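Here is the structure we will look at.
Throughout, read-outs are computed from the coordinates displayed, never taken from laboratory work. A quick note: this is a predicted structure, and the numbers were derived from the prediction, not measured. All Cβ positions, even for glycine, are placed from backbone atoms using ideal geometry, and neighbour counts span all protein chains on display.
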Amino acid sequence: MKKIEAIIQPFKLDQVKDALKGIGVSGMTVSEVRGHGRQKGHKEIYRGQEYTVDLLPKTKIELVVPAGRADEVIQVLAAAARTGSIGDGKIFVYDVAEAIRIRNDDRGELAL
Ligand SMILES: Nc1ncnc2c1ncn2[C@@H]1O[C@H](COP(=O)(O)OP(=O)(O)OP(=O)(O)O)[C@@H](O)[C@H]1O
Ligand SMILES: [Mg+2]
């Protein structure tokens, strides 16, 4: 199993959710977060000095999927989240050791 963690532009959430639903992805966790990439947030000029307003609002999506589906999910997610501008976001991929459905003790991919 793989965990796919995507940090995206908040206004892209509905489009990304629809795209993932379209390929039959079931569970996900969504949080509102703040962050910056390599531009370190917006640059603002004040009295001739450049100040950095860091930590812009972003949306984090976490999904655990069977390892065999990870590439497809990543491609669909990235395509739906992409505008082509800076700040589109980033995807991190992790190995997942185990998953357990609390209700009935299903384990592994059965629990997804
Ligand atoms: N190395 C990182 N570690 C953790 N989170 C990151 C990292 N890089 C980016 N993020 C998260 O992703 C969000 C979007 O990053 P962003 O798309 O601006 O990355 P970037 O590397 O600056 O690429 P771009 O040049 O396209 O803007 C950030 O606000 C932050 O929440
Ligand atoms: Mg950036």
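Determine the relative contact order of the chain: mean sequence separation of Cα pairs under 8 Å and six or more apart, normalised by residue count, in whole percent.
On the way: 183 pairs, mean separation 46.2, N = 112.
Once normalised by length, the contact order is 41 percent.
Directionally averaged projected area (the chain, Cα convex hull): 8.1 nm².
Segment Ser85..Ile23, full-extension length gain: 19.8 nm, with 0.36 nm per residue of separation and the alpha-carbon distance subtracted. For Glu62 and Asp14, the difference between the fully extended length at 0.36 nm per residue and the C-alpha to C-alpha distance is 15.8 nm.
At a Cα cut-off below 30 Å, give the lysines reachable from Lys2, other chains included and same-chain residues fewer than 8 away excluded. Lys2 reaches Lys12, Lys17, Lys21, Lys40, Lys58, Lys60, Lys90.
Once the Cβ-Cβ distance of Glu98 and His36 is raised to the sixth power relative to R0 = 41 Å, the FRET efficiency obtained is 0.80.
A Förster radius of 41 Å combined with the Cβ-Cβ distance from Gln75 to Arg47 puts the calculated FRET efficiency at roughly 0.35. The angle between the Cα long axis of helix 13-22 and the longest principal axis of the Cα atoms of the chain comes to about 30 degrees, rounded to the nearest 10.
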